[in-house]
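The values are calculated or read from the model by the stated rules, or taken from the named source; none is laboratory data. All figures in this text were calculated on a predicted structure; none of them were measured in a lab. Please note: Cβ atoms are built from the backbone with ideal geometry, for glycine as well, and neighbour counts cover all protein chains shown.
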Amino acid sequence: MELIDIDEIDSITRSTVWASVYSQSCASCHGIQLEGVTGPALKGSNFGVLANAQMMTADMLLDVIAGTMPESDPGTLKTEEYNAVTSYILQQNGYPAGATPFARDAPSVKGARITP
């Protein structure tokens, strides 16, 4: 997969990039619609229950994804790709794309509670 500099593209294009990274790296286990297949659902009420039970924040979600995914080869995606997948999951749960790219240490990300 070709690395795309997500910092240099607008938010609409970023959304397309997020979907592409998710589709290539995550959909086989988590489903095209994030509905869950062999992995858990990442959208909707099932995801909401999980996020609420764990008091999940955006940076926690990123840490879990970056540290454990893809399941067959954890840690093999680039930082920008992990950011893209996390952004896509958040977007699909109703969080709008921000004006700036998602980054772990951004003030708007650190400690931001996920409440789908």
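The residues of segment 11-59 that are over 11 Å from the mean Cα position of the chain (by Cα), of a type in the set (A, V, I, L, M) and not in a loop (DSSP other than H, G, I, E, B), listed by number, are I12, V17, A27, V49, L50, A51, A53. Screening K110 with (1) in contact with a helix residue (DSSP H, G or I) (Cβ under 9 Å, 6 or more places away or on another chain); (2) of a type outside the set (F, W, Y); (3) free of Cβ contacts under 8 Å to residues at least 24 places away in the same chain gives one miss only, at (3). Looking across segment 26-55, the residues that are aliphatic (A, V, I, L, M), in contact with a Ser or Thr (Cβ under 8 Å, 6 or more places away or on another chain) and surrounded by fewer than 18 Cβ atoms within 10 Å (Cβ to Cβ) come down to I32, V37. Any idea which residue in segment 82-102 is farthest from E35 (Cα to Cα), counting only those that are outside any helix (DSSP H, G or I) and in contact with a helix residue (DSSP H, G or I) (Cβ under 6 Å, 6 or more places away or on another chain)? Going through the qualifying residues, I end up with P101.
Per-residue answers, yes or no, for (1) modelled with pLDDT of 95 or more; (2) small (G, A, S); (3) under 16 Å from V85 (Cβ atoms); (4) in contact with a helix residue (DSSP H, G or I) (Cβ under 9 Å, 6 or more places away or on another chain):
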{"site": "I4", "(1), (2), (3), (4)": "no, no, yes, yes"}
{"site": "S20", "(1), (2), (3), (4)": "no, yes, yes, yes"}
{"site": "C26", "(1), (2), (3), (4)": "yes, no, yes, yes"}
{"site": "G31", "(1), (2), (3), (4)": "yes, yes, yes, no"}
{"site": "L42", "(1), (2), (3), (4)": "yes, no, yes, yes"}
{"site": "V49", "(1), (2), (3), (4)": "no, no, no, no"}
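Among the residues of segment 93-102, at least one is at pLDDT below 90, buried (at least 21 other Cβ atoms within 10 Å of the Cβ) and either on the phi > 0 side of the Ramachandran plot or of a type outside the set (V, I, T) (or both). Beta carbons closer than 9 Å, at least 6 apart along the sequence or on distinct chains, pair a first residue in segment 56-72 that is crowded, with 16+ Cβ neighbours inside 10 Å with a second that is of a type in the set (F, W, Y) and in a helix (DSSP H, G or I) for L62/Y82; I65/Y82; A66/Y82; M69/Y82.
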